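The structure that follows is given in the form of structure tokens.
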Amino acid sequence: MSDLVEQSKRSAAFAAVDKHVLPSVRVLGIGSGSTVVYAVDRLLELKNNNQLNPKLVCVPTSFQSKQLIADAGLQAADLDDLPILDDAQGGFTSIDVTIDGADEVDSELNAIKGGGGAHLREKLVANASNKLVLIADYRKDSQVLGEKWSKGIPVEVSPLAWRTITRQLEHMPCMQKGSRLFEDEHPVANLRQAVRKAGPVVTDNGNFILDVCVGNIYDPPAVERLFKMIPGVIEVGIFSNMASEAWFGNSDGSIVCRIPKSEIKKRE
Ligand SMILES: O=C[C@H](O)[C@H](O)[C@H](O)COP(=O)(O)O
């Protein structure tokens, strides 16, 4: 990985933490992946400077994230241990803000996640958060999902049915009710293979992952719903309309914070 990419991950992570992890934050969701490591580095600095809420509790999204929290000496809590608060919009949240990485983010801040296989718990934590803030380097910033991330949509599936699910996914048509959902005629689903273990990747939850290639994704919420309907699909690595901000580190050293394009229009 080039120094430029690492530097851009770091600057996006530091800026997002500085903006969102104020002393008023009591419960913080911690995402997974290599960019989140920098976010936890910054949290540790803030902790050492007494700039965090002394009662701060961090909610992990994977085994990796749980370890990062423990190594930083921060307090961890599982989602189920937290009280559920009814918010003004009729939602149910337990977490003030979650900071997480992404594999690709489009102009509406729909994201592909799960490159590291953590998207099930990441989505559970994001869903219980008042605010989801994404952090990434410039390679993940795109207009349409699929333009940049070519490894496919991560889909966590039950090992009991992975072959049936693969076949069903590969028979999905690209058109639905007259509109095109994705670029390729039919998806191609690959069982993710482990690198230093023989056989498939087994997630933190004991499941398999199919990486489903469809080309560009024109309607992320529809594709997310379509895949999710297949029995045995546990979670789809498309996060539609969940993030409210995305921070990108650029290759020139600058940082950009984006909000969904439709939000910009509403504010104009
Ligand atoms: O499963 C992994 C997560 O969704 C990560 O947040 C995502 O893959 C981005 O990871 P990284 O920051 O390493 O690019």
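The values are calculated or read from the model by the stated rules, or taken from the named source; none is laboratory data. Remember, it's a predicted structure, so these values are computed and weren't measured experimentally. Counting neighbours? That spans all protein chains shown, and the Cβs are built from the backbone with ideal geometry, glycine included.
With the requirement that a residue be away from the ligand (no atom under 14 Å from the Cβ) and assigned to a helix (DSSP H, G or I), what does the range 88-131 give you?
Of everything in the range 88-131, just one residue is away from the ligand (no atom under 14 Å from the Cβ) and assigned to a helix (DSSP H, G or I), namely Asn127.
Could we say that Ala70 is assigned to a helix (DSSP H, G or I) and within 16 Å of the ligand (Cβ to nearest atom) here?
Spelling it out, it is not the case that Ala70 is assigned to a helix (DSSP H, G or I) and within 16 Å of the ligand (Cβ to nearest atom).
Which one of the conditions (1) crowded, with 24+ Cβ neighbours inside 10 Å; (2) β-branched (Val, Ile, Thr); (3) under 21 Å from Asp184 (Cβ atoms) does Val144 fail to meet, given that it meets all the rest?
If we test Val144 against (1) crowded, with 24+ Cβ neighbours inside 10 Å; (2) β-branched (Val, Ile, Thr); (3) under 21 Å from Asp184 (Cβ atoms), just (1) comes out false.
For every residue, the table says whether it meets (1) touching a Gly at 6+ places or on another chain (Cβ under 7 Å); (2) surrounded by fewer than 19 Cβ atoms within 10 Å (Cβ to Cβ); (3) not assigned by TED's automatic domain parsing to the domain that holds Val105.
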site	(1), (2), (3)
Asn207	no, no, yes
Val212	yes, no, yes
Gly215	yes, yes, yes
Asp219	no, yes, yes
Glu224	no, no, yes
Met229	no, yes, yes
Gly232	no, yes, yes
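If you don't mind, another one. Within the range 235-245, does at least one residue satisfy the condition of being exposed (fewer than 12 other Cβ atoms within 10 Å of the Cβ) and not hydroxyl-bearing (Ser, Thr, Tyr)?
Checking the range 235-245: not a single residue is exposed (fewer than 12 other Cβ atoms within 10 Å of the Cβ) and not hydroxyl-bearing (Ser, Thr, Tyr).
Applying the selection to the range 205-227, what residues are charged (D, E, K, R), closer than 15 Å to Lys113 by Cα and without any contact (Cβ under 8 Å) to a residue 60 or more places away in the chain?
Across the range 205-227, the qualifying residue is only Glu224.
Taking the stated definitions as given, is Thr166 buried (at least 18 other Cβ atoms within 10 Å of the Cβ), at negative phi, in contact with a Leu (Cβ under 8 Å, 6 or more places away or on another chain) and part of a loop (DSSP other than H, G, I, E, B)?
no
Confirm whether Phe92 is touching a residue at least 40 places away in the same chain (Cβ under 8 Å), more than 26 Å from Val256 (Cα to Cα) and exposed (fewer than 15 other Cβ atoms within 10 Å of the Cβ).
Judged against the criteria, Phe92 is not a match.
Would you mind telling me which numbered condition in (1) of a type in the set (D, E, K, R); (2) within 16 Å of the chain's Cα centre (by Cα); (3) away from the ligand (no atom under 16 Å from the Cβ) Arg196 fails?
Answer for Arg196: the failing condition is (2).
Could you pull out the residue among Thr61, Thr93 that is under 30 Å from Tyr218 (Cβ atoms) and of a type in the set (S, T, N, Q)?
Result: Thr61 is the single residue among Thr61, Thr93 that is under 30 Å from Tyr218 (Cβ atoms) and of a type in the set (S, T, N, Q).
Inspect the range 65-86 for any residue being among the basic types (Lys, Arg) and surrounded by fewer than 16 Cβ atoms within 10 Å (Cβ to Cβ) and give the result as yes or no.
no
A further question follows. Report, by residue number, each residue of the range 1-34 that is under 19 Å from the mean Cα position of the chain (by Cα), within 10 Å of the ligand (Cβ to nearest atom) and outside any helix (DSSP H, G or I).
Scanning the range 1-34 gives Gly31, Ser32, Gly33.
Right, something else. Hey, does the range 170-179 have a residue that's within 25 Å of Gly206 (Cβ to Cβ) and crowded, with 19+ Cβ neighbours inside 10 Å?
Within the range 170-179, not a single residue is within 25 Å of Gly206 (Cβ to Cβ) and crowded, with 19+ Cβ neighbours inside 10 Å.
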